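The values are calculated or read from the model by the stated rules, or taken from the named source; none is laboratory data. These numbers come from a predicted model, not from an experiment. Here the Cβ positions follow ideal geometry from the backbone for every residue, glycine too, while neighbour counts run over all protein chains shown.
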Amino acid sequence: MLGGRIGWGQRGVAIRAVFLDVGETLVDETRAWGSWADWLGVPRFTFFATLGGLLARGEEPSRVLTLLRPGIDMARERAARKAAGVQDDGLGELIGEQDLYPDVIPCLRQLRADGYLVGIAGNQPVGTALALARLGVPYDVMASSAQWGVRKPSPEFFARVIEVAGLRAEEIAYVGDRVDNDVVPAAEAGMAAVFLRRGPWAWLGADRPEAARARLTLDDLARLPAAMRGL
């Protein structure tokens, strides 16, 4: 049984679990993208400006690689990077301590102390779980799109979150930095959507009308435990 302090959601329903996205919620992806700019020999300003343009148009961020290097074979490039000793993707099993936002571990520790089930679930490779565990990130449940074979914003992804939590949708808060991938589908699934306004995806989506679907909007995770108690 979950103990401690529990936040209260709509219609007086207790929020008993908090699930969080990974990229730009727990992990700063600057190093990951910067390493690809360096690998392709593209100035970082050019790379990030192009990436920003794609995000503003609602396109997949990975398209920046094929746009700046037409015909790129991603499997071959990843193998070449590994052979060259490049260990700074910042994603999956290569997430390092320098990539973790400093408010992550204190926030998750406090959430667990307050009695919440803490879950991590995002569009990530399977190796993410091992990397976060190695870094001492506290959680009770970990899952990923690679493990489930379904990606956000698919409703099936959020149905799986509800399933692994073992709770009703309204008893779960989902925290993420994207309005399109996190806030809207979590709200549609019946969860309490929490919009974390940091990272490029967050600021590009912050002025969209759909951002109002979030029950809570924060600029960092340090405020999340206290905000959850008053939700």
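Can you name the residue in region 105-128 that is surrounded by fewer than 20 Cβ atoms within 10 Å (Cβ to Cβ) and among the aliphatic types (A, V, I, L, M) and is also farthest from residue 184 (Cα to Cα) among such residues?
Restricting to residues being surrounded by fewer than 20 Cβ atoms within 10 Å (Cβ to Cβ) and among the aliphatic types (A, V, I, L, M), the top hit is 113.
Would you please list the contacts, defined by Cβ atoms under 7 Å and residues six or more apart or on different chains, that run from a residue in region 50-62 that is touching a residue at least 24 places away in the same chain (Cβ under 8 Å) to a residue that is assigned to a loop (DSSP other than H, G, I, E, B)?
What qualifies is 51/61; 55/61.
So, in region 124-181, how many residues would count as being in contact with a Lys or Arg (Cβ under 7 Å, 6 or more places away or on another chain), of a type outside the set (Gly, Ala, Ser) and assigned to a helix (DSSP H, G or I)?
Result for region 124-181: 5.
Applying the selection to region 188-222, what residues are crowded, with 23+ Cβ neighbours inside 10 Å and farther than 19 Å from residue 154 by Cα?
196, 221
Mind listing just one residue for me: the one in region 93-123 that is touching a residue at least 40 places away in the same chain (Cβ under 8 Å) and of a type in the set (Asp, Glu) and, of those, nearest to residue 151 (Cα to Cα)?
The selected residue is 99.
Can you tell me which residues in region 129-145 are over 19 Å from residue 162 (Cβ atoms) and either surrounded by fewer than 17 Cβ atoms within 10 Å (Cβ to Cβ) or touching a residue at least 60 places away in the same chain (Cβ under 8 Å) (or both)? Break it down into steps so the answer makes sense when it comes.
To start, the set of residues in region 129-145 that are over 19 Å from residue 162 (Cβ atoms) comprises 129-138.
Correct list: 130, 132, 133, 134, 135, 136, 137.
At least 1 residues that are in contact with an Asp or Glu (Cβ under 9 Å, 6 or more places away or on another chain), more than 27 Å from residue 139 (Cβ to Cβ) and at pLDDT 90 or above in each: list the helices (runs of 4 or more DSSP H) lying fully within region 1-111 that qualify. Break it down stepwise before answering.
Working: elements: 30-40, 44-56, 63-68, 74-83.
Passing ranges, in order: 30-40, 44-56, 63-68.
For (1) modelled with pLDDT under 95; (2) out of contact with any strand residue (DSSP E or B) (no Cβ under 6 Å at 6 or more places or on another chain); (3) in a helix (DSSP H, G or I), each residue gets a yes or a no:
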position	(1), (2), (3)
187	no, no, yes
194	no, no, no
210	no, yes, yes
222	no, yes, no
228	yes, no, yes
231	yes, no, no
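Could you check residue 156 against (1) touching a strand residue (DSSP E or B) at 6+ places or on another chain (Cβ under 9 Å); (2) surrounded by fewer than 19 Cβ atoms within 10 Å (Cβ to Cβ); (3) modelled with pLDDT of 95 or more and say which number it fails?
Unmet for residue 156, out of (1) touching a strand residue (DSSP E or B) at 6+ places or on another chain (Cβ under 9 Å); (2) surrounded by fewer than 19 Cβ atoms within 10 Å (Cβ to Cβ); (3) modelled with pLDDT of 95 or more: (1).
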